[in-house]
Structures are given as C-alpha cells and as structure tokens.
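The values are calculated or read from the model by the stated rules, or taken from the named source; none is laboratory data. What you see is a predicted model; the values in this text were computed from it and never measured. Methodologically, a virtual Cβ is constructed for each residue, glycine included, from the backbone with ideal geometry; neighbour enumeration extends over all protein chains shown. Just the protein is used for accessible areas: all its heavy atoms, side chains included, with ligands, DNA and RNA removed. Shrake-Rupley method; radii C 1.70, N 1.55, O 1.52, S 1.80 Å.
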Amino acid sequence: MEYWKKILKSQRGRGKSGLTIPFIIGSQHFLKQKKYEYDIFQLIFEIVEKGTFEVTLTLCPDIHTLILEIKKPYKNVYYPKFNGNEQTNLSVAINLIDEFGDTIENIISKLVEKFQDKINNGEFSAKNSQDQREAIWGSFSEIEDYPFIIKSLNEL
C-alpha cells in the first residue's frame, strides 16, 4: 500500500480529519524503503490514478490551511477533470472551486504555489496560530509527529 494511503487511514483511525500536503510529503522521509520521492504533482497524480478510496481537498477549520482527507459522506464536493476526463478519486470541497478551478492540472499548480516553499524549507507540520486565522508552519515535532508517522507507516 502506498505510504500516503497508510498515513491518511491512520489519521482517520485516530478520529481526526486529514493531513496537510507538506505533512504527507514530509512523512515519506520515514519510509524504510523508498521507491522514489514524491512531490506534490506525484502525490496528486497517484491519488487520481491509483486511489482505492476517495480523497478530498478541503480547508481544515482547526489549523486554517488545506488538508487531504478520506472523504466524509456529508462533504459537499466537486470532481475536477484530469487530462479532460472525469475522475472520482480526488474531490474538492465545493467552497474551493473559485480558488482552484475545475481541473486537476490547475489544482496541482495552485498547491505547488501554496506549499512548495514550505516543503523545500522542511516545514511539514502546521499548528494553530494564537489569532486562529492562519497556520504556523515548522518542522515535525519529535514528541507528536514522529511517533504518529512511524506507527502509521509500520502498522497498516
């Protein structure tokens, strides 16, 4: 099973919504065997092409940034096209349509613009800010993030 599936399932299993794209990308550094290194394009492409469950791009109200989560049945979503074709593995919260548009290609471009610098700087973990209006980014927490990632990747 692909590492991103394991980590999303583990997050849902502990009763939480989803994970940020930098968190998912950064967690691959904990893999014992790396086939190749995922970037944002590869992650989204694989969700669209090889998904075995529906993943939703949505805004997390707790940390005020975008997350990927296993789709919740009550979520109001749309399905962007990929290479001009319909797909149903990646949905996007309907309130994001104006920002992200209706194609996977456009979504990938926007996600790279939003998160690539954070990934390049090793800022994989987002926390809630004191004013609760935007996320505060930093490196993985050795106390919280490391154990979760290691357990998730080894358990499932």
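Here are a few things to note about the model shown:
- Residue that is open to solvent by 50 Å² or more (accessible area, probe 1.4 Å) and either touching a residue at least 60 places away in the same chain (Cβ under 8 Å) or touching a Phe, Trp or Tyr at 6+ places or on another chain (Cβ under 7 Å) (or both), where the choices are E113, E123, E99: E123
- Total residues in the range 54-90 satisfying the condition of being open to solvent by 80 Å² or more (accessible area, probe 1.4 Å), assigned to a strand (DSSP E or B) and touching a strand residue (DSSP E or B) at 6+ places or on another chain (Cβ under 8 Å): the figure is 2.
- So Q33, is it over 17 Å from I104 (Cα atoms) and open to solvent by 10 Å² or more (accessible area, probe 1.4 Å): yes
- In summary, A93 fulfils each of the numbered conditions (1) closer than 21 Å to D39 by Cα; (2) among the small types (G, A, S); (3) in contact with a strand residue (DSSP E or B) (Cβ under 7 Å, 6 or more places away or on another chain); (4) modelled with pLDDT of 95 or more with the single exception of condition (1).
- Members of the range 14-30 found to be open to solvent by less than 70 Å² (accessible area, probe 1.4 Å) and either polar (S, T, N, Q) or in a helix (DSSP H, G or I) (or both), listed by number: S17, T20, I21, P22, F23, I24, I25, G26, S27, Q28, F30
- Filtered residue count, the range 126-156, keeping only those that are farther than 20 Å from P61 by Cα, in contact with a Phe, Trp or Tyr (Cβ under 8 Å, 6 or more places away or on another chain) and buried (at least 16 other Cβ atoms within 10 Å of the Cβ): 3
- Between K5, K32, the distinction of being under 12 Å from the mean Cα position of the chain (by Cα), over 19 Å from E144 (Cβ atoms) and of a type in the set (D, E, K, R) belongs to K5 only.
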